[in-house]
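The values are calculated or read from the model by the stated rules, or taken from the named source; none is laboratory data. Note that this is a predicted model, so its numbers are computed, not measured. Cβ sites come from the backbone with ideal geometry, for glycine too, and all protein chains shown count toward neighbours. These accessible areas exclude ligands, DNA and RNA; they are computed on the full protein's heavy atoms, side chains included. Shrake-Rupley method; radii C 1.70, N 1.55, O 1.52, S 1.80 Å.
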Amino acid sequence: MNTIYYLASCDTCRKIIKSLPKNDSLVFHDIKQNPITPAELEVMHGLAGSYEALFSRKAQLYKSLDLKNKALTETDYRNYILEHYTFLSRPVFIIEGKIYIGNNQKVIAEVIKALS
């Protein structure tokens with residue numbers, strides 16, 4: 001199942017979704033309305049290779065909790081992502097068993113190609 005994990009209130013996510021080719025096989029998963037389960041995170045982890053790769057350092061909570069000055073472990077990254085949706089780097093696409101993380105132009109170009 002091809003899935004996008006995104007935040008409906010995120011302007012960047014909305015812009016990316018509008019740029020995607022029409023694809024009826026893409027399942028939209030709003031991580032605020034429907035939080036990520038530990039099982040879903042394990043699938044992402046298996047594809048990404050680490051929890052850190054899925055973790056967003058741009059989150060306001062990251063700054064307010066002063067996490068940049070803490071030595072975070074893989075377990076910490078996992079727990080923070082499960083604790084609050086804002087810690088997942090977004091959007092995350094899983095397409096044909098491959099993961100695409102984040103919103104940089106290269107990643108989005110790869111997603112568009114994969115969905116076309």
- Would you call Y80 farther than 17 Å from Y100 by Cα, in contact with a helix residue (DSSP H, G or I) (Cβ under 6 Å, 6 or more places away or on another chain) and either polar (S, T, N, Q) or in a helix (DSSP H, G or I) (or both)? yes
- Query: Within the stretch 68-86, is even one residue under 14 Å from the mean Cα position of the chain (by Cα) and either under 19 Å from I112 (Cα atoms) or polar (S, T, N, Q) (or both)?
  - Reply: yes
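Determine whether D66 is of a type outside the set (V, I, T) and without any contact (Cβ under 8 Å) to a residue 24 or more places away in the chain.
yes
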- Task: Only residues that are open to solvent by less than 80 Å² (accessible area, probe 1.4 Å) and in a loop (DSSP other than H, G, I, E, B): list them for the stretch 10-28, please.
- Result: C10, L20, P21, N23, S25
- Query: Hey, among the residues in the stretch 49-67 that are of a type in the set (A, V, I, L, M, F, W, C), assigned to a helix (DSSP H, G or I) and more than 14 Å from the chain's Cα centre (by Cα), which one's surrounded by the most Cβ atoms within 10 Å (Cβ to Cβ)?
  - Reply: L67
- Going through the stretch 1-31 in order, the residues found to be among the charged types (D, E, K, R) and over 12 Å from the mean Cα position of the chain (by Cα) are D11, R14, K15, K18, K22, D24
- Name every residue in the stretch 85-116 that is part of a loop (DSSP other than H, G, I, E, B), in contact (Cβ under 8 Å) with a residue 12 or more places away in the chain and loosely packed, with under 15 Cβ neighbours inside 10 Å, in order of residue number. E96, G97, S116
- Task: Of the conditions (1) under 18 Å from T12 (Cα atoms); (2) open to solvent by less than 70 Å² (accessible area, probe 1.4 Å); (3) basic (K, R), R78 clears all except one; give me its number.
- Result: (1)
- Checked I4, I31 against criteria (surrounded by 12 or more Cβ atoms within 10 Å (Cβ to Cβ) and farther than 23 Å from K113 by Cα); the one match is I31
